[in-house]
Amino acid sequence: MLTRTEFTELLSRGPLLLDGATGSNLQKMGMPRGCCTEEWILNHPETILELQRRYVAAGSRIIYAPTFQAQPIPLAGVKLDKQTESVNAMLVALSKRAGDVLVAGNLTTLAAFIDSYDTALFDTMVENYRRQIAGLLEGGADLLAAETLLYPQDAEAILTAAELEGAETVMYSFTMQPDGSFFSGMDAGKTLWELEEAGAAAVGFNCVAADMMTPGLVSKLRRSVRGPLICKPNAGIPVIKPGNVVEYPMEPAEFADIVADCHAMGAKILGGCCGTAPEYIAAVKERVWR
């Protein structure tokens with residue numbers, strides 16, 4: 001795993017380009033809706049490798065291993081909870097085959113699976129994340145990326161688990177409203193600042209609709225954080241088409257313009273979330289590095 005010093009050195013060379021969406025692209029490549037993504041990928045390894053290699057070719061310096069919900073609680077639904085560590089290790093090792101690129105072990109909120117954030121459940125969250133992180137490290141993850149977080153408690157549990165497992169370099173990004181507040185109404189800036197103070201390698205946002213946000217979101221968050229800021233928006237507000245088909249309206253060039261504006265306002269780690277694809281990442285690279 002990268003040390004914090006190595007991560008800082010990497011950022012000193014210029015902005016870091018992440019990858020884009022995984023799930024929406026896999027569905028276009030044949031993955032059924034409603035299945036366990038991690039289980040499906042283990043049974044169709046060449047599909048994820050094809051997608052990740054396209055991201056590498058587009059310019060991604062860091063790709064996310066497909067371990068988004070590979071914690072014991074979600075994996076119990078497909079009877080893989082007892083294999084949590086091996087599932088995460090295998091998915092990271094698989095992603096390492098995508099090319100000369102760093103691989104981040106991916107984690108997310110457990111909010112959909114718990115009723116509250118009391119002390120007992122917090123301990124359960126920490127144990128879930130510890131088991132996942134142990135597997136991510138076993139598989140050779142270069143760093144960890146916790147994303148689409150909803151509440152400060154999500155990040156606190158991951159932070160605690162990462163410290164206990166010896167994972168030094170962890171990025172945290174939250175889904176939030178375009179004004180820089182969580183959906184609970186709490187201002188996100190304070191939480192991002194606290195995470196930085198606690199040792200986060202980078203903080204920021206993902207899964208915010210690019211056509212609803214402005215560079216003002218980055219500007220506001222920059223007033224709270226001093227380190228690298230993550231900008232990983234969606235390709236616009238999704239539209240539901242007949243047959244329950246989800247489409248994202250924003251074209252790569254328009255998306256790249258918005259991400260480039262966010263970079264100009266201080267975001268140093270750039271990528272795409274829902275609705276984006278390798279061509280979006282290629283457009284960002286061309287726009288930011290031209």
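The values are calculated or read from the model by the stated rules, or taken from the named source; none is laboratory data. Note that the coordinates shown come from a computational prediction; the quantities given were computed from them, not determined experimentally. All Cβ positions, glycine included, derive from the backbone under ideal geometry; neighbour counts span all protein chains shown.
Give the residues of segment 8-32 that are within 22 Å of T108 (Cα to Cα) and either in contact (Cβ under 8 Å) with a residue 12 or more places away in the chain or under 15 Å from the mean Cα position of the chain (by Cα) (or both), sorted by residue number. Hits for segment 8-32 are L16, L17, L18, D19, G20, A21, T22, G23, S24, N25, L26, M31. Assess whether G266 counts as being outside any helix (DSSP H, G or I) and surrounded by fewer than 24 Cβ atoms within 10 Å (Cβ to Cβ). The answer is yes for G266.
Screening M125 on (1) surrounded by fewer than 23 Cβ atoms within 10 Å (Cβ to Cβ); (2) over 19 Å from T169 (Cα atoms); (3) touching a helix residue (DSSP H, G or I) at 6+ places or on another chain (Cβ under 8 Å); (4) not polar (S, T, N, Q) shows it passes everything except condition (1). The residue list A112, A93, A76, A89 contains one member that is modelled with pLDDT of 95 or more, farther than 13 Å from E138 by Cβ and in a helix (DSSP H, G or I), which is A76. The condition of being modelled with pLDDT under 95 and closer than 26 Å to G23 by Cα holds for only one of G243, G185, G272, that being G243. Has segment 68-86 got at least one residue that is surrounded by 22 or more Cβ atoms within 10 Å (Cβ to Cβ), touching a strand residue (DSSP E or B) at 6+ places or on another chain (Cβ under 7 Å) and polar (S, T, N, Q)? No - not one qualifying residue is present in segment 68-86. Quick check, is G185 in contact with an Asp or Glu (Cβ under 9 Å, 6 or more places away or on another chain) and not basic (K, R)? No; evaluated as a whole, the condition is false for this residue. One residue is enough: does segment 267-274 have a residue meeting the conditions touching a strand residue (DSSP E or B) at 6+ places or on another chain (Cβ under 9 Å) and over 24 Å from L10 (Cα atoms)? Looking for residues that are touching a strand residue (DSSP E or B) at 6+ places or on another chain (Cβ under 9 Å) and over 24 Å from L10 (Cα atoms), one finds at least one in segment 267-274, hence yes. Please find, within segment 46-63, the residue that is surrounded by the most Cβ atoms within 10 Å (Cβ to Cβ) out of those that are under 12 Å from V103 (Cβ atoms) and of a type in the set (S, T, Y). Ranking the qualifying residues of segment 46-63, first place goes to Y55. Residues that are touching a residue at least 12 places away in the same chain (Cβ under 8 Å) and assigned to a strand (DSSP E or B) within segment 217-246 comprise L229, I230, C231, K232, P233, N234, V246, listed in sequence order.
The set of residues in segment 47-72 that are assigned to a loop (DSSP other than H, G, I, E, B) and either charged (D, E, K, R) or closer than 23 Å to C36 by Cα (or both) comprises R61, A65, P66, T67, F68, Q69, A70, Q71.
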